[in-house]
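Some notes on the structure that comes next.
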Amino acid sequence: MNIGFVNICHNDYVSEFAVNIAKKAVNNLKLMDISIFEFPEPIIDTFYAENAVRELVKQEIDGIIIFLGTWVECSVAMSLIRKIEHLPLCLWSFPMFIEQ
C-alpha cells in the first residue's frame, strides 16, 4: 500500500517547527513499515496544492494523509481534497500548544 503525505501550512506560519513535526510524523509512519510518498515542501497555496496532486497521482497512491502543520486557509485544503476525493483520506493534526 502506498500512502501520500502532504503538510498543509499557511504561508505566514511556516516555520522550522511546522516542517520538523511533519517530518517526525513521516518517520513514525515509516517505522511501522508504511510506504510513504511525501510531498517535499509544505503546501501553502492552491498552486502548490495542485502541483502536489499531480505528483501524488503519478505515484499511484492508495490513500493520503493530509497533515495540518499550521493554521490553514480552507481554499488551500479544499483545492487538494477536491482532486483526490476518490481516495481514502486521513486528516492529521496536533494541539496548537505543545509542551516542550
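The values are calculated or read from the model by the stated rules, or taken from the named source; none is laboratory data. For clarity, every value in this text was computed on a predicted model and none was experimentally measured. Every residue, glycine as well, gets a Cβ built from its backbone with ideal geometry; the counts of neighbours run over all protein chains shown.
Structure above, values below:
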{"quantity": "Residue within region 75-92 that is at pLDDT 90 or above, loosely packed, with under 12 Cβ neighbours inside 10 Å and under 13 Å from the mean Cα position of the chain (by Cα) present", "calculated": "yes"}
{"quantity": "Any hit, region 48-56, residues being outside any helix (DSSP H, G or I) and out of contact with any Gly (no Cβ under 6 Å at 6 or more places or on another chain)", "calculated": "no"}
{"quantity": "Region 31-72, residues that are surrounded by fewer than 13 Cβ atoms within 10 Å (Cβ to Cβ) and in contact (Cβ under 8 Å) with a residue 40 or more places away in the chain", "calculated": "Glu60, Asp62, Trp71"}
{"quantity": "Contacts under 9 angstrom Cβ, first residue in region 1-30 being acidic (Asp, Glu), partner loosely packed, with under 13 Cβ neighbours inside 10 Å, 6 or more apart", "calculated": "Asp12/Trp71"}
{"quantity": "Qualifying residues in region 5-35 (those that are assigned to a strand (DSSP E or B) and modelled with pLDDT of 95 or more) - the one farthest from Thr70 (Cα to Cα)", "calculated": "Phe5"}
{"quantity": "Residue tally, condition out of contact with any strand residue (DSSP E or B) (no Cβ under 8 Å at 6 or more places or on another chain) and of a type outside the set (Ser, Thr, Tyr), over region 56-92", "calculated": "10"}
